[in-house]
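Below is one structure, written out as structure tokens; the observations come after it.
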4 protein chains.
Amino acid sequence: MEKEKIMSILEGAFDKGREAIPGGAVATYIPELGKADKNNLGLSICTKYGEHYNIGDTTTRFTIQSISKIISLALALEHMGVEKVFAKVGMEPSGEAFNSLVELDLNSNKPFNPMINSGALTVSSLLLPEFTFEQMTDYTRKVCLDPEIAINEAVFQSEMSHISRNRAIAYLLESKGIIETDVEGSLELYTKMCSLNVTAESLSNFGMILATGGINPKTGERVISGRTVAIIKTIMLTCGMYDGSGEFAVRVGIPTKSGVGGGLLSVVDDRMGIGVYGPSLDEKGNCIAGRPLLQHLSEELGLHIFNRSRF
Amino acid sequence: MEKEKIMSILEGAFDKGREAIPGGAVATYIPELGKADKNNLGLSICTKYGEHYNIGDTTTRFTIQSISKIISLALALEHMGVEKVFAKVGMEPSGEAFNSLVELDLNSNKPFNPMINSGALTVSSLLLPEFTFEQMTDYTRKVCLDPEIAINEAVFQSEMSHISRNRAIAYLLESKGIIETDVEGSLELYTKMCSLNVTAESLSNFGMILATGGINPKTGERVISGRTVAIIKTIMLTCGMYDGSGEFAVRVGIPTKSGVGGGLLSVVDDRMGIGVYGPSLDEKGNCIAGRPLLQHLSEELGLHIFNRSRF
Amino acid sequence: MEKEKIMSILEGAFDKGREAIPGGAVATYIPELGKADKNNLGLSICTKYGEHYNIGDTTTRFTIQSISKIISLALALEHMGVEKVFAKVGMEPSGEAFNSLVELDLNSNKPFNPMINSGALTVSSLLLPEFTFEQMTDYTRKVCLDPEIAINEAVFQSEMSHISRNRAIAYLLESKGIIETDVEGSLELYTKMCSLNVTAESLSNFGMILATGGINPKTGERVISGRTVAIIKTIMLTCGMYDGSGEFAVRVGIPTKSGVGGGLLSVVDDRMGIGVYGPSLDEKGNCIAGRPLLQHLSEELGLHIFNRSRF
Amino acid sequence: MEKEKIMSILEGAFDKGREAIPGGAVATYIPELGKADKNNLGLSICTKYGEHYNIGDTTTRFTIQSISKIISLALALEHMGVEKVFAKVGMEPSGEAFNSLVELDLNSNKPFNPMINSGALTVSSLLLPEFTFEQMTDYTRKVCLDPEIAINEAVFQSEMSHISRNRAIAYLLESKGIIETDVEGSLELYTKMCSLNVTAESLSNFGMILATGGINPKTGERVISGRTVAIIKTIMLTCGMYDGSGEFAVRVGIPTKSGVGGGLLSVVDDRMGIGVYGPSLDEKGNCIAGRPLLQHLSEELGLHIFNRSRF
């Protein structure tokens, strides 16, 4: 496909996304997040050959939030192995909202999966004795090919002062023997990771590395093992969009992870990574522009995992 | 790959499956199902070019059970369209066991997805005014390329006399305005569909048609629309193995639907359909031989949806 | 206390009740119930010496609804004994609304108590092989000292055509082995008992017999055993007002059972029975006039179970 | 009744209690509690005329645990009034175990009642800015007529190091805006109150004061207001024995509050207070000797709230 034709499809998708913005709202449960400009929208694509396509606010910095759950999970899987991680946290979609305590208590052995807060806090507790926050920031820079990633101190402080619910979850995990390391340290590490500033372009780079099965095509270097990448893409597909994951998989069919900072990380296997930034969120906490934008791309470019172009 | 090499991998997988059989048990909640021979095991593969590989009990008849949920969903999607069906039933994995009432009541608008009993009963109620059971049997024969599929009367009668829980679910659906057609008729249609006798080979044929995106390669005829097939494969991946779906997707990565009769229907997109028969079940109600058998195939042949052979 | 003084307190209570009527609404989930006159209000008191005090619509007939759960429980306890009944149904308040299925499923052994629908259907299934509906009607006439009690056919038919939820509950009970007799028969018997026509005065008579510990003071005849009466009064106190039972016990302190037909049956132990009729209901399904009316009586006459007049 | 006759009944009850001891076990979730002597048993009765009857280990000190919830609730009601307290915590029995988080999350406005941990922590948070622990200890001494009540430091320290679950509950309450004061301070105050050392005799004194409606008959002094006492007795009856409260009310009919230290506080209205100490607990966390012991007393002396001696 010619570059011109591609750009015209991307612009069509971008317009679909922009139309949806007024129907959403920026996150306000953390005051600092409420300062985002609701009308921002950025779309960045990085192909498996390292080529970039950017439209809109693709260099604006915003906090990565829940997308960091993917990065922490990757590091834990690489460092500790599959069985050790999944002894503490499940792999099942939960049908519950991202911050629910109920399902943790009903299913008492372990959190349903590493994408809900209870699961991500558990992963954080596993990493705590092994890595400093600085090392984890370096790892994030490496997988995003973005050396400028750093903590957003204002957001971090704001989150730390509205952390009661996550703290409740973390102590519940301790009471069940799931968190065995320092609870407050795990909470802080988790919150710091959520407060890293990225761009739509950083996310498209990370998505591209997941698309290649873990290799940076610009250097030929393996960044993440193939097994870890396969696990992560599967969990993004089944659990990446909170309690809207199933519908997103059916209608869009692109493994995607969202964050309440407005970011979306998408992977079209063996083809491209996609990064989106749009802080206007739908009622499930996902970037509201994302669904129509990515659905348009999926349909026009044949990106659905089970409905790819077959010619 | 040479045929000899392939057969040797299939036999390795078959052996892994056989080793797991003693750890399971045949379903006994319906007496007639309890009569199955626990040691039966069949593996049938049909490539997208229509070529068959069979090992073990691939022509033994057994009841299709929950795998019929896929066929009913396909027919409903084809006949009524996506939006009409999903107005009545969701697309979200539930984290609940296959016969749970709890989640229906907590999430009061509609059943989580069409693979749990409440969702499948809802689909059945949509089909009831449009199709006779005979027409649905014909459709099953067509998608399975198996003209000998017919009802197992003994199992059907046995199920009808142990149907209290499904009847409870169905009336609850009526009380919520989700089932709007005849409740007893919907229950009977659902139960009859579960009682159809298939073979591992029938299932591999059906899987092959899903793998091609809906086309029978032997005739070039389109059997199911591409859109319906994409939806079905997605839902098999996210919801096909009851509350073990997420782990199965991570570890095996092949969209699969199980039935308590011992059947497994698997699809390796663009490559093959796989049918398994093994009535010894694990505690979630899935064929216990299936996991090790399919995981072996997935690893040896590179069939994981996100970890395919890349050469 | 002089009769004049008493009447003035009763009139004060009646006025408090009347003021609350506009804030409620008649039940409409069963069309026939929706025909009641929202502004009706009747208060009937029968002392342990058989003396009556009546204000307002005390002879208007209305359906007994859930208050029949008390009568069926009494008959079951008398006929089968405490242990046999409570082997099938618990004695614990549930914190759930009257028609919830959730708690039945989470606490899988038996319904929480005989005042929620699942528990009452269970009691009905125990009575089914032992008593005809005619015999149970006679028993109701006897405990209410009202030979004119009879079924309201229009309400009964209306309820039978909106019975999906109760039918769901009943089949769920069968699937768990809790209902072991005919499900449809149990449902019909339960619904017929709910459709009996009573008056506020009938209820005050029944309340008076509970207040005396089971004796009709007019004849000296024992109508119910002391043990059964003690159990019933306790369960009325802990479970009689649906999920508002605890607050009612604290604030009013008079064991009371409500029905969505607008009736209230109250017992002031060793002093009097109280019957109220007011079809305007609050959002929990209790007669909205009842709380202020009975709270006024409780405070003015010292009727709170733990705050009685001590002189 | 002659004193001799009474003592013989008490001894009969005591023997019934002793027989039940081997079927239970001391609490071990807090190591320090596990040091109690399982075979200890004490029964102390204080009549409304101030007369004492003691059998067994009635002067052994043990920690008051959940019985302190009653004392804190009394103080909060006296100091802040009914409406302010119940704006933060409900009055409904929950059907849940004492330390459940689930019901708090499903019923999101406030804890079901002040006897479950979430409710008691809420009451503690209301008291925190108003009272020091020393003042609350003094209040406890006053209502128990026991100037020697003091904190058990070993138990307090042991509980503080196993407090994750309560901490989780407390932060969840903060996240919902229910706890508005210092969370850690509320937790510590609550835990200190649970760690107060009492005796069976202290509890019988407190029970006696509740039985009189709040007056110390030895001095004629009003210790607690009549309204507060009525509320407390009602809540003891409906919620005092965890998820066994309903059955205890039916079978024993004496408002009672238990603590995992082995204590029971019972009130026979207008007649007596009863204190029991027996650290062997049943599976719901109640003194296992208590049920048979108190049921025997209830039956022999006519103490059931709805089945009193009527001569």
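Could you list B:80, A:208 so that the one with the fewest beta carbons within 10 Å of its beta carbon is first and the one with the most is last?
With the sparsest Cβ surroundings first, the list reads B:80, A:208.
If we hang a label 7 Å off Cα along the beta carbon direction at residue C:82, how far is it from the matching labels on the other copies, in nm, shortest first?
Label-point distances to the other copies, shortest first: 3.1, 5.8, 6.2 nm.
Residue by residue, what Karplus-based ³J(HN,Hα) values in Hz, rounded to whole numbers, does the stretch B:20-30 have, using 6.51, -1.76 and 1.60 with θ = phi - 60° and x for Gly and Pro?
Going residue by residue, I get 7, 3, x, x, x, 8, 6, 4, 10, 5, 10 Hz, with x marking Gly and Pro.
Using modelled backbone amide H atoms (1.01 Å from N, in-plane), which distant-in-sequence or interchain residues come within less than 5 Å of residue D:196's amide H?
HN-HN under 5 Å from residue D:196: D:64, D:65, D:152.
Order of C:234, A:137 from fewest to most other C-beta atoms within 10 Å?
Listed from fewest to most nearby Cβ atoms, that is A:137, C:234.
Report, in debye and to the nearest 20, how large the dipole of the stretch B:133-223 comes out about its Cα centre when Lys and Arg carry +1 and Asp and Glu carry -1 on their Cβ.
Here the stretch B:133-223 has a charge dipole of around 320 debye.
Just checking the output field for C:84-92: average partner chain Cβ neighbours within 10 Å of each residue's Cβ?
Mean partner shielding for this stretch: 3.
How big is the protein assembly as shown by the Kirkwood estimate over distinct Cα pairs, in Å?
Kirkwood hydrodynamic radius for the protein assembly as shown: 33.2 Å.
What average number of partner chain Cβ atoms lie no more than 10 Å from the Cβ of the residues making up C:239-250?
5
Per 10 Å bin from zero, what fraction in whole % of the C-alpha pairs of the stretch A:31-100 is there, up to the bin with the longest pair?
13, 29, 31, 25, 1
So, in Å, what gap is there between the alpha-carbon centers of the stretch C:160-177 and the stretch C:118-158?
19
Choose one of B:85, B:189, B:219: the residue whose Cα lies farthest towards the positive end of the charge dipole of chain B (beta-carbon charges +1 Lys, Arg; -1 Asp, Glu; about the Cα centre).
The listed residue farthest towards the positive side: B:219.
May I have the convex hull volume per residue, in Å³, for the Cα set of chain C?
For chain C, the hull spanned by Cα atoms encloses 115 Å³ per residue.
As I understand it, the value is the acute angle between the Cα axis of helix D:183-194 and the longest principal axis of the Cα atoms of chain D; what does it come to in degrees, rounded to 10?
With rounding to tens, the tilt is 10 degrees.
Which order, highest average first, do A:123-135, D:215-227 follow once you tally other Cβ atoms within 10 Å for each residue and take the mean per peptide?
So the peptides A:123-135, D:215-227, ranked by packing, come out A:123-135, D:215-227.
Roughly how crowded by other chains is peptide C:299-306, in terms of the mean Cβ count from those chains within 10 Å of each of its Cβ atoms?
The shielding value for this peptide is 4.
Each residue of the stretch B:205-210 in turn: what ³J(HN,Hα) in whole Hz from Karplus with 6.51, -1.76, 1.60 and θ = phi - 60°, glycine and Pro shown as x?
4, 4, x, 5, 5, 5
What list of ³J(HN,Hα) values in whole Hz, one per residue of the stretch C:62-72 in order, does the Karplus curve 6.51 cos²θ - 1.76 cosθ + 1.60 (θ = phi - 60°) give from phi, with Gly and Pro shown as x?
Each residue of the stretch C:62-72 in turn: 8, 7, 5, 6, 5, 5, 5, 4, 5, 5, 5 Hz.
Cα extents of the stretch B:66-194 along the three principal axes, largest first, in whole Å?
42, 34, 27
Any number yet on Rg/Rh for the stretch D:141-257, C-alpha, Kirkwood?
When Rh is taken as the Kirkwood radius, the ratio is 1.02.
If the viscosity is 1.306 mPa s and the temperature 10 °C, what Stokes-Einstein diffusion coefficient in µm²/s follows for the stretch C:179-311 when Rh is the Kirkwood radius over Cα pairs?
Estimated diffusion coefficient is 102 µm²/s.
For residue C:150, which inter-copy label distances result when the label point lies 7 Å beyond Cα on the Cα-to-Cβ vector, reported in nm to one decimal and in ascending order?
Listed shortest first, these distances are 5.7, 7.8, 9.0 nm.
Output, in nm with one decimal and in ascending order, the distances from the residue C:134 label point to the matching label points of the other copies (7 Å from Cα along Cα-to-Cβ).
Ordered by increasing distance: 4.8, 8.0, 9.3 nm.
Relative contact order for chain A: what percent, with Cα pairs under 8 Å and sequence separation of 6 or more?
The normalised contact order for chain A reaches 28 percent.
Which residues' amide hydrogens lie under 5 Å from the amide hydrogen of residue A:287, considering only partners 5 or more residues apart or on another chain, with H built in the peptide plane?
A:259, A:282
Which chain C residue comes nearest the axis with its C-beta when you rotate C onto D, and by how many angstrom?
Its Cβ sits closest to the axis: C:93, 2.
Read-outs: derived from the displayed coordinates by stated rules, not from any lab. Remember, it's a predicted structure, so these values are computed and weren't measured experimentally. Cβ: placed from backbone, ideal geometry, glycine included. Neighbour counts: every protein chain shown.
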